[in-house]
Amino acid sequence: MKIAIVDSGIHPGHPHVGEIAGAVDFTLASEGGHAVDRLGHGTAVAGAIREKVPHAELFAVKVFDRRLAANIQVILHALEWCRAHGMDLVNLSLGTENPTHRESFVRVLGDDLLVIGPAHVLPGSLPGVIGVLPDPACPRDVFRYHGGVFHASPYPRPIPGVPVSHNLRGTSFAVANMTGLVARALQNGSASAIREMLIAQADSACPGTPA
């Protein structure tokens, strides 16, 4: 299974990640170069995914360099690369509130690129995308579904000796945890029916699930 992580790059060989299958850099500073992770964000995202699907092929698709911000054309270019290279899943822990970009995302994603992203922004709010919101009450190995949106834990993989309160957390890691859980589900199902499969598997007993 090929999973693209559109983020700040990945540190290959990190103990939570191991080796990666490939890397490409779309940042304006160094397009086409090696996807070195200067921020650590993409590596933490990759670690959360690797924990759930240890044998997946992870690809670093770098759109952030020294800060978590990217031009819309950079993001679209990265997604085009994912589609052209046959990625099974795309972890996209970012988005935009600008409605004028909707049609561009629809065009690039088509009906065959399976993307997991934040539910409150584009492209995560599009019908064909697995939109995710954070739920701190959810354990990291389960997810829930409510109001048309998937909810997952906002915490990355724990670091020994580092309190949870001092580690990274947020919607990015809810998306990453969900990507890993979607990848697990895909091992026993098809991409065309993945949303229905996930809804059926959602943990209704997850703390915080409305009655």
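For residues that are charged (D, E, K, R) and surrounded by fewer than 24 Cβ atoms within 10 Å (Cβ to Cβ), scanning just segment 51-64, find the one that is nearest to Leu186 (Cα to Cα). Looking at the filtered set, the residue picked out is Lys52. Just so you know, in segment 69-93 the residues that are in a loop (DSSP other than H, G, I, E, B) and at pLDDT 95 or above include one that is farthest from Ala152 (Cα to Cα), and it is His85. Across segment 193-211, the qualifying residues are those that are at negative phi and at pLDDT below 85, and the one among them that is surrounded by the fewest Cβ atoms within 10 Å (Cβ to Cβ) is Ala211.
This table checks each residue for (1) assigned to a loop (DSSP other than H, G, I, E, B); (2) more than 15 Å from the chain's Cα centre (by Cα); (3) surrounded by fewer than 21 Cβ atoms within 10 Å (Cβ to Cβ).
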{"site": "Gly9", "(1), (2), (3)": "yes, no, no"}
{"site": "Pro12", "(1), (2), (3)": "yes, yes, yes"}
{"site": "His16", "(1), (2), (3)": "yes, yes, yes"}
{"site": "Ala44", "(1), (2), (3)": "no, no, no"}
{"site": "Arg66", "(1), (2), (3)": "yes, yes, yes"}
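For Ile116, the criteria (1) part of a strand (DSSP E or B); (2) more than 23 Å from Ile75 (Cα to Cα); (3) of a type outside the set (Gly, Ala, Ser) hold in every case but one, which is (2). Condition first: surrounded by fewer than 22 Cβ atoms within 10 Å (Cβ to Cβ) and under 17 Å from the mean Cα position of the chain (by Cα). Now tell me which residues in segment 95-106 satisfy that. Result: Thr96, single match. Checking the conditions here, which among His146, His151 is modelled with pLDDT of 95 or more and either in contact with a Cys (Cβ under 8 Å, 6 or more places away or on another chain) or on the phi < 0 side of the Ramachandran plot (or both)? Result of the check over His146, His151: His151.
The values are calculated or read from the model by the stated rules, or taken from the named source; none is laboratory data. Predicted model, so just to flag it, every value in this text is computed and none were measured. FYI the Cβ positions are ideal-geometry reconstructions off the backbone, even for glycines, and counts take in every protein chain you see.
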